[in-house]
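Chemist: Provided herewith is a single structure, encoded as structure tokens, for subsequent inquiry.
Each reported figure results from applying straightforward, stated rules to the coordinates on display, with no laboratory input. These figures come from a predicted structure and were not determined experimentally. Here the Cβ is made from the backbone with ideal geometry for all residues, glycine too, and neighbour counts use every protein chain on show.
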Amino acid sequence: MVIPTRFWKSVAVVLVGTGFAQIILVAATPVLSRLFDDVQIGMLTAFLVLPNALLPAIGGKFEVAMVLPRSERTARILMGFAVQICLLISVLLLIWTLSPIDSGGRFAIYEPLYLFLAGNVLILQYGLNRSDQFARLGHIKIVIAAATISMMLLAGWLGAGTGGLIAGSLVGQMVGLAMLLRWGLRPRGIVPITFRSARATLRRYREFPTFNASSGLVSGLTLALPVLAIERWCSDAELGQFGMMVRVTAAPAALAMVAIGQVNLRVVSRLSQDGGSALRHVLRTSGVLWLIAIPGAVVAAIWGPALFAFVLGEDWREAGRFAAILAPAIAARFAVAPLSTTLGATRHNRLGMTWRLTAFVATATAVLTVGPQGDVGMILSTLAITELGVYLLLLGFVLYAAARPDSGSSRHRRVDATA
């Protein structure tokens, strides 16, 4: 009974900080919707799509593995791997944006910088997770949100347009990274990586880059597919409406993912280390999430257009219609996605890869089937059905993993304890 109580206390701590951050973002949205039009929001959405697609794999998932070992030296080596992989991916993206192949527009050159900043912020947050500094996980979200919105509002007041929105995104990540470094999560605390010192660690945790990082990349590309489809086959204004809808509806899911997902990773890891089953804990958490998600989906489906028009302005009614169409999928994502960290904590990485490949193939098939028709409503309706199905499949995988932790993980944990 101690672990569930500790779990919900940790969730509450993260939830408060992350909740304030989401309040900042959501509260500023009605102002931003009047300072920027749908085309400008669409350009910001297009700017972020590639970095956001790469972020799930930005550290090779070694940052997730960093939470698991008992040895502090092993954890620092894993963080070192993650930071170096982040730098490599950012450099590769820079090469891509400078090549004649890329046609991302005049702001594309800033995409590698955003990816590098956001990637390091993500990696260093797992350092807070490992040391159980859950309050600071919420704190950093507030700092990033406040810095981002402040810059965007200033840019909007000055009439800076899309450039101001992108500047706000960059400034937010810069401030967040500076705060994490100020807290002592800096490269000098990482064990120097040499082939001799890191070979055993790399071999022990090879499933994380092999399965988790590759599946994370597939997951990022899956989330990018709707944006790419609307950008390719629909108008810039419709892309902006979709971007605004995602900005508003993603807030609850992001709150649950940060507050519950990261703490769930730590708790399930501890339960598995003790040789127990996490099924009861996962079932209880899942039930609470569904109780929150279903009423929200009903409200969005019935009153979505009216609510968007009232809060954001009549120009954004279409974004509310998009939210109504996607309501079942949004609810499923909110209720299931935070529990996906169970797969990594129990070392069922192959299950995670299987699910992500399934989601990618299903989403790509849906997009390619209806996308060329150029009907954004048809694209979103097809995606709603597809996403609902793939998240229910993920829930099944999570329950299986919670009930049956990978038997090989105990061997790795015994090695960690003596490292």
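Chemist: Only helical DSSP H runs with n ≥ 4 go in: add -39500 (n - 2.57) per run for the chain, normalise by residue count and round the 222 nm mean residue ellipticity to 500 deg cm²/dmol.
Modeler: Numbers: 17 runs with 329 residues, N = 419.
Using -39500 (n - 2.57) per qualifying helix, the result is -27000 deg cm²/dmol.
Chemist: Nearest 10 degrees, 0 to 90: what angle lies between the long axis of helix 134-157 and the longest principal axis of the chain (Cα atoms)?
Modeler: 20 degrees
Chemist: If you don't mind, there's one more thing I want to ask. From Cα pairs below 8 angstrom and at least 6 apart in sequence, can you work out the relative contact order of the stretch 2-418, rounded to a whole percent? Working shown, then result.
Modeler: Numbers: 620 pairs, mean separation 97.4, N = 417.
Over the stretch 2-418, the number comes to 23 percent.
Chemist: Moving on to the next point. Where Lys and Arg each count +1 and Asp and Glu each count -1, what net charge lies around MET152 among other residues with Cβ under 13 Å from its Cβ? Kindly include the intermediate steps, with their values, before the conclusion.
Modeler: Details: positive: ARG34, ARG247; negative: none.
Result for the neighbourhood of MET152: +2.
Chemist: If you build the convex hull over the alpha carbons only and average its shadow over all orientations, what do you get for the stretch 20-81? Give it in nm² to one decimal.
Modeler: On the way: hull surface 24.9 nm².
If you wrap the Cα atoms of the stretch 20-81 in a convex hull and average its projections, you get 6.2 nm².
Chemist: For the chain, set up a GNM with springs between Cα atoms under 10 Å and report which of GLN84, GLN241, GLN22 has the largest fluctuation.
Modeler: Maximum among the listed residues: GLN84.
Chemist: Hey, what D do you get for the chain in µm²/s if you plug the Kirkwood alpha-carbon radius into Stokes-Einstein at 4 °C and 1.567 mPa s?
Modeler: Working: Rh = 21.9 Å.
In µm²/s, the coefficient is 59.
Chemist: Sticking with this structure for a sec: With the cut-off at 1.5 for a/c, could you classify the stretch 212-308 from its C-alpha gyration tensor as rounded, prolate or oblate? Walk me through the numbers on the way to the answer.
Modeler: Numbers: a/c = 3.54, a/b = 1.63, b/c = 2.18.
Since a/c reaches 1.5 but b/c is at least a/b, the shape of the stretch 212-308 is classed as oblate.
Chemist: For a Förster distance of 25 Å, can you work out the FRET efficiency between the beta-carbons of ALA306 and TRP157, rounded to the nearest 0.05?
Modeler: On the way: r = 29 Å, r/R0 = 1.15.
Once the sixth-power term is evaluated, E becomes 0.30.
Chemist: Right, here's the next one. Any idea what Rg and Dmax come out to for the stretch 90-148 if you just take the C-alpha atoms, in Å?
Modeler: When restricted to Cα atoms, the stretch 90-148 yields Rg and Dmax of 15.3, 46 Å.
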